[in-house]
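Here is the structure we will look at.
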Amino acid sequence: MENRQQWLISRFNNVRASIPEHVKLVAVSKHFPAQDIKVIYEQGQRQFGENYAQELIEKAAHLPPDIEWHFIGGLQSNKIAMLLKCPSLHTIQTVDSISKAEEIEKQCAKIGRQVNIFIQVNASLEKGKHGLHPSLVEGACLHILSNMKRCVLVGLMMIGSVKQSLSENENYEFVLMKNLQKDIELSSGKRLMLSMGMTMDYEKAIEQGSDLVRIGSAIFGSRVHEFLEENNTSLQDTEKISLV
């Protein structure tokens, strides 16, 4: 029976081996403890993603300062200033309005820093899902590129629909994102990254042009209990297993 550290390393290595070198991997560590992140960090991973501002800030305070943290959760305007005070916050991937970009620009100016951002696109057009309507994306990007210096636009991000993620056919949401990327690059002359693809669909996302994938459960498991179940043990079996 392997301990959790060995289990994590094995899963991380399997994921890393399936991703081409030119594609960035953000390991999504939400709800998993700092000790789990440290195991993956020691394998050379430096980019980690968190969905909640407070959780990101607390983990960043206890982990090595060269980690590049990506905020990938729903962005609330009232949490922007708090997030930006975290020195190792590298990228905010979920900017879904010009007004939030303007707030990032304002707060960055106050503390004298820059931060990378992605514009989140609602490529699936699902009601209630965060992200700009595709028809508004190019205008928003051109506005940010022309008017902001500290809020640095580096790409477009999407969270796909489950239906498309599970489909064996070409993912039309990824096609839409690729077309948006090309149109904005033609209009602005700036190279933009695409952040698309998670555990269920990252291999297809890479095939269709993703530059960055966000992978959580394929590395960390859906929960600690998944590890316990795979190893036929329990939380009380503390003498046989190294848990965090």
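The values are calculated or read from the model by the stated rules, or taken from the named source; none is laboratory data. It should be emphasised that the depicted structure is a prediction, and the values quoted were computed from it without experimental measurement. Ideal geometry is used to build each Cβ from the backbone, glycine not excepted, and the neighbour counts take in all protein chains shown. SASA here: full protein model, heavy atoms, side chains in, ligands and nucleic acids out. Shrake-Rupley method; radii C 1.70, N 1.55, O 1.52, S 1.80 Å.
For region 20-46, the set of residues classified as touching a residue at least 60 places away in the same chain (Cβ under 8 Å), in contact with a helix residue (DSSP H, G or I) (Cβ under 8 Å, 6 or more places away or on another chain) and β-branched (Val, Ile, Thr) consists of Val23, Val28, Ile40, listed by residue number. Restricting attention to region 47-73, which residues are without any contact (Cβ under 8 Å) to a residue 60 or more places away in the chain, part of a loop (DSSP other than H, G, I, E, B) and either surrounded by 15 or more Cβ atoms within 10 Å (Cβ to Cβ) or of a type in the set (Ser, Thr, Tyr) (or both)? Within region 47-73, Asn51, Tyr52, Leu63, Ile67, Gly73 meet the criteria.
The rows are residues; the columns are (1) free of Cβ contacts under 8 Å to residues at least 40 places away in the same chain; (2) open to solvent by less than 50 Å² (accessible area, probe 1.4 Å); (3) part of a helix (DSSP H, G or I).
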position	(1), (2), (3)
Leu145	no, no, yes
Val152	yes, yes, no
Gly160	no, yes, no
Gln164	no, yes, yes
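Counting the residues of region 89-131 that are among the small types (Gly, Ala, Ser), at pLDDT 95 or above, out of contact with any Leu (no Cβ under 7 Å at 6 or more places or on another chain) and within 21 Å of Val162 (Cα to Cα) gives 1.
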